[in-house]
2 protein chains.
Amino acid sequence: MPLAVVALDGDDTLWHSETHFADAHDTFARVLAPYAGDGFDIVAHQYATERRNLELFGYGIKGFTLSMIETAIEVTTGRITAAEIRELLDLGKAMLAHPVELLPGVAETVEALAGRYRLVLVTKGDLFHQEQKVARSGLADRFERIEIVSEKDEATYRRIVSTMGVDPEQFLMVGNTVRSDVLPVLAIGGRAVQVPYSVTWDHEVVDHQATFPVLERLSDLPAWLDTNGGRWTTQSASG
Amino acid sequence: MPLAVVALDGDDTLWHSETHFADAHDTFARVLAPYAGDGFDIVAHQYATERRNLELFGYGIKGFTLSMIETAIEVTTGRITAAEIRELLDLGKAMLAHPVELLPGVAETVEALAGRYRLVLVTKGDLFHQEQKVARSGLADRFERIEIVSEKDEATYRRIVSTMGVDPEQFLMVGNTVRSDVLPVLAIGGRAVQVPYSVTWDHEVVDHQATFPVLERLSDLPAWLDTNGGRWTTQSASG
């Protein structure tokens, strides 16, 4: 059956996100510099706190900010000042208020895809902040549905494919992370293309043996689908 | 047309929520007691911070916790210690981890309604935490849909009524707050019943001139619908 639905990830596929966390880590390290020795790895401490808190906080910047404050209190053994904690709070707020910066070619690519496929945006994280980012992106009305989910697992994709009323093989997910955007979609019989981002959060790094197409940039997708979308159809028809 | 869908609010309609915030305010006041004079109104300060942060944080306990820390730093003019801020962090975590406590008669009432109407749960707040509460409630499989939304306004209810494929007059919303559960539903031509909770967050208090049914407890709803659901139908058919 022909491809009918193209699903696009938001963070680090349509717009920059992980680079903002990297910038935040730099600020965080600067705030803690008076307490930390040379070579102190604040990012590793922060990641350990985030992992520990994930089942309480889920994904998103509010949980990230709470974990920063917790990490700061721990690694300074309570010597950090309230003024410095206030800096971390303000850092989290600045991240939430940050304008959405689309990746190169995204607006034109979404426009081109919208003329040929039904589009759905599938993005993970904080409902309130993701809704704001979708609105700020200016892309919202190109999508038939916006799906903001707490976890991108097989059950989530199964529900979305069912809501769109298509077979899994008519559903293509495009995103930057193998763990969230590729493997669970392949597992339910859907299709997936990875468009890697320059930075990947440790939590999203996985070992795997799956093979799937990888494109250098999202703007390569329409031409790639012209060539390869048809091949999928033929394989499916003969299989 | 007959009533087809009964939509139920979650927090303070199916399970306790606002009382946990009230308990948190007590702990918060105790942590700040060494800094605050007699009669210091910490709840008013906290509410002012929450209102200021609402457009960045949205609703939910993570934002509440960040606002507590901000309030604590402000009202102590930076004298609060890291150990005390850690107590506030732990308070927020305890709220997130708190078991779901159903209100009296809720399980039986939802069961009774599920046999006669299509049910949808419409709850506002943090996606991740609300999903956890729905799962912990044990009620999830009684609902045809779970709608976790960032704001309960007319646009939200219009979308939900449309997703359920019914006319607004076939849709009844039942919840504790007039502002979120009643007024926007009446505004789009739907029906609403209020079941007040013992505590209402200041943000949800509104002046209004609407008239609508008020029941003392959710368990009164099935019998009330037996008597009055039919009257709605008749009015609608003759109107």
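Restricted to the stretch A:34-57, and to residues that are charged (D, E, K, R) and touching a residue at least 60 places away in the same chain (Cβ under 8 Å), which residue is surrounded by the most Cβ atoms within 10 Å (Cβ to Cβ)?
Residue satisfying both the conditions and the ranking: A:50.
For the stretch B:205-225, what are the residues that are modelled with pLDDT under 90 and farther than 30 Å from residue B:48 by Cβ?
B:211
Return yes or no: is residue B:30 touching a residue at least 40 places away in the same chain (Cβ under 8 Å) and basic (Lys, Arg)?
no
Could you run through the stretch A:67-92 and say how many residues are in contact (Cβ under 8 Å) with a residue 24 or more places away in the chain and either more than 27 Å from residue A:16 (Cα to Cα) or at the interface with chain B (Cβ under 10 Å from one of its Cβ atoms) (or both)?
10
When the residues of the stretch B:73-84 are filtered to those that are in contact with a helix residue (DSSP H, G or I) (Cβ under 6 Å, 6 or more places away or on another chain) and hydrophobic (A, V, I, L, M, F, W, C), which remaining residue is farthest from residue B:25 (Cα to Cα)?
B:82
To keep it simple, each residue is scored yes or no on (1) farther than 16 Å from residue B:1 by Cα; (2) at pLDDT below 95.
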residue	(1), (2)
B:167	no, no
B:184	yes, no
B:187	yes, no
B:190	no, no
B:195	yes, no
B:203	yes, yes
B:236	no, yes
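Residues in the stretch A:125-152 that are more than 20 Å from residue A:107 (Cβ to Cβ) and either away from every other protein chain (no Cβ under 13 Å) or touching a residue at least 24 places away in the same chain (Cβ under 8 Å) (or both): how many?
Qualifying residue count, the stretch A:125-152: 9.
Can you name the residue in the stretch B:99-113 that is part of a loop (DSSP other than H, G, I, E, B) and touching a helix residue (DSSP H, G or I) at 6+ places or on another chain (Cβ under 6 Å) and, of all such residues, is nearest to the other protein chains (Cβ to nearest Cβ)?
Per the criteria, the residue is B:100.
Can you name the residue in the stretch A:114-141 that is over 15 Å from the mean Cα position of the chain (by Cα) and not in a helix (DSSP H, G or I) and is also surrounded by the most Cβ atoms within 10 Å (Cβ to Cβ) among such residues?
Here the residue is A:139.
Quick check on my filter: what residues within the stretch A:49-66 are more than 8 Å from every other protein chain (Cβ to nearest Cβ), under 17 Å from residue A:28 (Cβ atoms) and among the hydrophobic types (A, V, I, L, M, F, W, C)?
Once the filter is applied, which keeps residues that are more than 8 Å from every other protein chain (Cβ to nearest Cβ), under 17 Å from residue A:28 (Cβ atoms) and among the hydrophobic types (A, V, I, L, M, F, W, C), the stretch A:49-66 yields A:61, A:64.
Is it true that residue A:193 is in contact with an Asp or Glu (Cβ under 7 Å, 6 or more places away or on another chain) and in a strand (DSSP E or B)?
Against the criterion (in contact with an Asp or Glu (Cβ under 7 Å, 6 or more places away or on another chain) and in a strand (DSSP E or B)), residue A:193 does not qualify.
Kindly check whether there is at least one residue in the stretch A:157-171 that is among the polar types (S, T, N, Q), assigned to a helix (DSSP H, G or I), surrounded by fewer than 17 Cβ atoms within 10 Å (Cβ to Cβ) and without any contact (Cβ under 8 Å) to a residue 24 or more places away in the chain.
Yes, the stretch A:157-171 has at least one match.
Which residue is surrounded by the fewest Cβ atoms within 10 Å (Cβ to Cβ), if the candidates are limited to the stretch A:4-33 and must be farther than 22 Å from residue A:48 by Cβ and aliphatic (A, V, I, L, M)?
Of everything passing the filter in the stretch A:4-33, A:4 is surrounded by the fewest Cβ atoms within 10 Å (Cβ to Cβ).
May I ask you to list the residues in the stretch A:197-225 that are in contact with a Leu (Cβ under 9 Å, 6 or more places away or on another chain) and not in a helix (DSSP H, G or I)?
If the condition is that a residue be in contact with a Leu (Cβ under 9 Å, 6 or more places away or on another chain) and not in a helix (DSSP H, G or I), then A:197, A:206, A:208, A:210, A:212, A:215, A:217 are the ones that fit.
If we keep just the residues of the stretch B:189-201 that are free of Cβ contacts under 8 Å to residues at least 60 places away in the same chain and surrounded by fewer than 18 Cβ atoms within 10 Å (Cβ to Cβ), which is farthest from residue B:56 (Cα to Cα)?
Result: B:189.
The values are calculated or read from the model by the stated rules, or taken from the named source; none is laboratory data. All figures in this text were calculated on a predicted structure; none of them were measured in a lab. Cβ coordinates were reconstructed from backbone atoms using ideal geometry, including for glycine residues, and neighbour counts include every protein chain displayed.
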